1. Among B:Phe83, B:Phe159, B:Phe205, which comes first, then next, by fewest other beta-carbon atoms within 10 Å?
2. Arrange A:Ile120, A:Ile181, A:Ile61 by Cβ neighbour counts within 10 Å, fewest through most, would you?
3. I'd like the mean, over residues of A:64-74, of how many other protein chain beta carbons sit within 10 Å of each residue's own Cβ.
4. With N residues in the stretch B:108-191, what two-decimal value do you get for its Cα radius of gyration over 2.2 N^0.38 Å?
5. Please report the Cα spread of the stretch A:42-190 along all three principal axes, rounded to whole Å, starting with the longest.
6. Just order B:43-50, A:77-84 by mean Cβ neighbour count inside 10 Å, highest at the front, would you?
7. Considering only C-alpha atoms, what is the centroid distance from the stretch B:135-195 to the stretch B:198-256, in Å?
8. Tell me, A:Ile54, A:Ile44, B:Ile68, B:Ile153 in order of fewest to most beta-carbon neighbours within 10 Å?
Amino acid sequence: MADEHNTVEHVADAAEHAVDMAHGAEAGGAAMPQLDPTTFSNQIFWLLVTLVVIYLILSKIALPRIAAVLAERSGTITNDLAAAEELKAKAVAAEEAYNKALADARSEAARIVDETKAEIQSQLNAELAKADDEIAAKTAEGEKAIAAIRDNALSSVTDVATETAAALVAALGGQADDKAIAAAVAAQMKG
Amino acid sequence: MGITDVATEAHGEGTGLVFHPLDQFKVTPLFGDGPVHWYTITNATLWMAFAVLAIVAMFVIGSRGRAIVPSRGQSIAELFYGFVYKMVEDITGHDGVKYFPYIFSLFCFIFFANFLGLLPLSFSPTSHIAVTAVLGFGVFIIVTLIGFVKNGIGFLGMFWLKDAPLALRPIIAIIEVISYFVRPVSHSIRLAGNITAGHAMIKVFAGFAAIAAVAPVSVVAIAAVYGLEVLVAGIQAYVFTILTCIYLKDALHPAH
């Protein structure tokens, strides 16, 4: 406890000293090294030397160099951006050309499909017409043959009927009149 | 009571408490113990030279590759360049760009002096009002000259606000003139004050670390203040530069 008490006293002392010191600085003036005029000329001289040296180093060497680097960089970036823009435009043009070629190819394909369809259709029609003609011709031929056969058959029937009628008339003892028999057969055939 | 007396007294009590928070700002000759003449090589000279070396390392050696795809060092150099260049161009417009090397030199000197000053046992040139006053008044004089060269007597129109009611204009003009002449003072004291206060605070906390019971708090506080000082070192360089740009803009385009 005593130690602690001492410590507190020390702190109080120190604070007092600090306050005294501040007073001392105010009253004495020279207590602050900043306010000692004997060092002013020295500091001002070396400050001016330092400032001139810094100004010369920066304005003659460092700043032009950094400015040149920055300008070069911004130039490079601008050029690269322009080149990228150009390449992008080229890519867009290429894509358009590709799309156009694709569309052309599609329409060409559609046209070929249509043409081929039309050609096949016309060939098909021609073949169908030809086949129809052939069928019609064969039918007509057949009909003609049938007609001829029928005519033959009819005339045979007339001959047979006339002969049969003449034979019947003769068998019955009558005198066969060829004209009458033919007329009678014809009349029977019609009926 | 002087600071030396305090320190002696603190030693004399045998408590281990040592307060020399302002000793770090002393300008002393590097070689020998003689008086500090204007040409004497002092610790201020040394740490300004370190700032120059750091600038050479980062911007000359860093950019020596001139690569389209930059190396790490070149990236950092380009980052600084782009950051300050954009600041100058955004604030002062296109006609302010030709003053970019001057503004960039100021920024680099303050930035590297601030950060090198954060190394243990180092010296911060920017904590000295003599240094920051030269920087601040240098900006003030150059900007005022540019204003008169570019705009002639019309530069004074900056103080005569056409938008204000006629009766108020003389009063506003007086206020504007006063604020114009206060600019270099605030410009330089802001930088020196920030750096001095932070560094002194670290030393005060370090002095308290001698007391065992307070030491952990003290160490944490030092770490915290150091973190804050890292922030301050960057921000003060930025603030000084952006104010320079704003003053330059007023000189180039005095119409509000």
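1. Details: B:Phe83 14, B:Phe159 18, B:Phe205 21.
Listed from fewest to most nearby Cβ atoms, that is B:Phe83, B:Phe159, B:Phe205.
2. Details: A:Ile120 10, A:Ile181 18, A:Ile61 15.
Result, fewest neighbours first: A:Ile120, A:Ile61, A:Ile181.
3. Values: counts 1, 10, 12, 4, 2, 10, 5, 0, 3, 5, 0.
Mean shielding by partner chains, rounded to a whole number: 5.
4. Working: Rg = 17.6 Å, N = 84, 2.2 N^0.38 = 11.8 Å.
In units of the globular-protein estimate, the stretch B:108-191 measures up at 1.48.
5. 190, 16, 15
6. Working: B:43-50: 21.0, A:77-84: 10.1.
Highest mean packing first, the order is B:43-50, A:77-84.
7. 26
8. On the way: A:Ile54 24, A:Ile44 17, B:Ile68 11, B:Ile153 7.
If I rank by nearby Cβ atoms, fewest first, I get B:Ile153, B:Ile68, A:Ile44, A:Ile54.
Just so you know, all these numbers are worked out from the coordinates, no wet-lab data involved. Bear in mind that the values here come from a model prediction, so they are computed numbers and not experimental data. Backbone-built Cβ (ideal geometry, glycine too); neighbour counts: all protein chains shown.
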